[in-house]
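Since the structure comes first, as structure tokens, the remarks are kept for the end.
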Amino acid sequence: MVRYFIATLLFFAVAVTSQSTWSSDDEFCYQGDDCGPSSPKWAGECQTGARQSPIDFKYPLVRKPGKVVDLSFETAGYQAASGFWVQNNGHTIQVSLTEELRSEGAMWGYGMEGTKYIFAQIHFHWGEVDDGSEHTVAGKHWPVELHLVHYDQKYGSFANAASSGDPKGLSVLGVFLSAGSEFDENLAFDTIADHLPLSYQDHPEHITTSGLDLTSLLPKEGAPFFRYMGSLTTPNCTEAVEWTVLLDPIPVKPSEIKKFHDVLDHAGVPMGLNFRPVQPLGDRVVEFLVRGADQTRTGGVSRPTAASMGLLFCTILHFLWSN
Ligand SMILES: [Zn+2]
């Protein structure tokens, strides 16, 4: 019992450290022998796991049509009319709509087996030049990759879901950003880029001068995406993530991507790059799928409607027809 209690305490210490505050004892970094991805600072499943993330998606070298599946969102919960939280935690820029990382945003659908995944936070991975995505497509990096982190609602929190031992305790939606033109607008990314904290912060900063609408980062109807089972991409690389990674990048202003190159770490040094190298796929299967007709709700309780049951029937027919 005592051992269990200590283990639980240790877990939360690590979880809190990796999420919000910096500690020199278990600091990891992305370059160098002392603290980089092949150093002991990347412990646990980072070294021993068999289903690690990120990976390279080789599939679209020959781009076949994907299977059409349901992927739905409670969109109202990805919108905060007044204020949001942002933090430079020394490893990334993390944004959430509530301080306690619990929102009403949720995703569900294909592969999620009747449960909903609650939106907790969004954070970014970038490079020193335009090669900062964690996942790659046919070996190619995009400039930035953002992760919308969700946890299975039955666990009540990110920390509980990550430590549950459930291989699908977490669901992360990965979205690539490409360098478009200065005329490319994205409501969510433009707002975050306007409030990018360049220096390390102990605690999330509450932005009160602007709301934040993250729905412009969610996949549109017909969007192709990859699905596979993997891990967190930061220590301890817990293998509890069902990944959904969109194939097509969102074009954003190059000047906004450039701002990330000025982000400093806890020591006041430019963070440089913060993506983990791709990991072996092993015997895992990567599915290439397409988001079906939009069933997203803007509020209310999850319940199948006549329309959604009709769509499900059509999707099954399509599946049977195409297989
Ligand atoms: Zn990430």
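What list of ³J(HN,Hα) couplings, whole Hz, do you get for region 146-151 from phi and the Karplus terms 6.51, -1.76, 1.60, once you set θ to phi - 60° and write x for glycine and proline?
Karplus-based 3J(HN,Hα) across region 146-151 equals 10, 10, 9, 8, 10, 10 Hz.
About the Cα centre of region 50-322, what is the dipole size in debye to 20, counting +1 per Lys and Arg Cβ and -1 per Asp and Glu Cβ, all else neutral?
On the way: 20 positive and 32 negative charges, 203 e Å.
Here region 50-322 has a charge dipole of around 980 debye.
Eigenvalues of the Cα gyration tensor times 5, then square-rooted: what semi-axes does that give for region 50-322, in whole angstrom, largest first?
On the way: eigenvalues 160, 94, 71 Å².
Computed over region 50-322, the values are 28, 22, 19 Å.
Amide H of ALA240: which non-local residues (sequence gap of 5 or more, or other chain) have their own amide H closer than 5 Å, using H built in the peptide plane?
Long-range HN contacts for ALA240: LEU232.
Would you work out the Kirkwood radius for region 243-299? I mean one over the mean of 1/r across all pairs of different Cα atoms, in Å. Could the numbers behind the result be given before it?
On the way: mean 1/r = 0.0622 Å⁻¹.
Final number for the Kirkwood radius of region 243-299 is 16.1 Å.
Based on the inverse mean of 1/r over its pairs of different Cα atoms, what is the Kirkwood hydrodynamic radius of region 54-124, in Å? Show your work: numbers first, answer last.
Values: mean 1/r = 0.0677 Å⁻¹.
Hydrodynamic radius (Kirkwood, Cα pairs) of region 54-124 is 14.8 Å.
Under 5 Å between amide hydrogens, which residues at least 5 positions from ALA106 or on another chain qualify, with H placed 1.01 Å from N in the peptide plane?
Hits under the 5 Å cutoff: GLU74, GLY77, PHE119.
Which lysines have a Cα less than 19 Å from the Cα of LYS168, not counting those fewer than 8 places away in the same chain?
Partners within reach: LYS116, LYS154.
Please turn the phi angles of region 101-118 into ³J(HN,Hα) values with the Karplus equation 6.51 cos²θ - 1.76 cosθ + 1.60 (θ = phi - 60°), one per residue in order, whole Hz, x for glycine and proline.
Values per residue, Gly and Pro as x: 6, 10, 10, 9, x, 7, 10, 7, x, 3, x, 9, 6, x, 9, 10, 10, 8 Hz.
Values in this text are rule-based calculations from the coordinates and carry no lab data. Nothing here was measured: the structure is a model prediction, and the numbers come from that model. All Cβ positions, glycine included, derive from the backbone under ideal geometry; neighbour counts span all protein chains shown.
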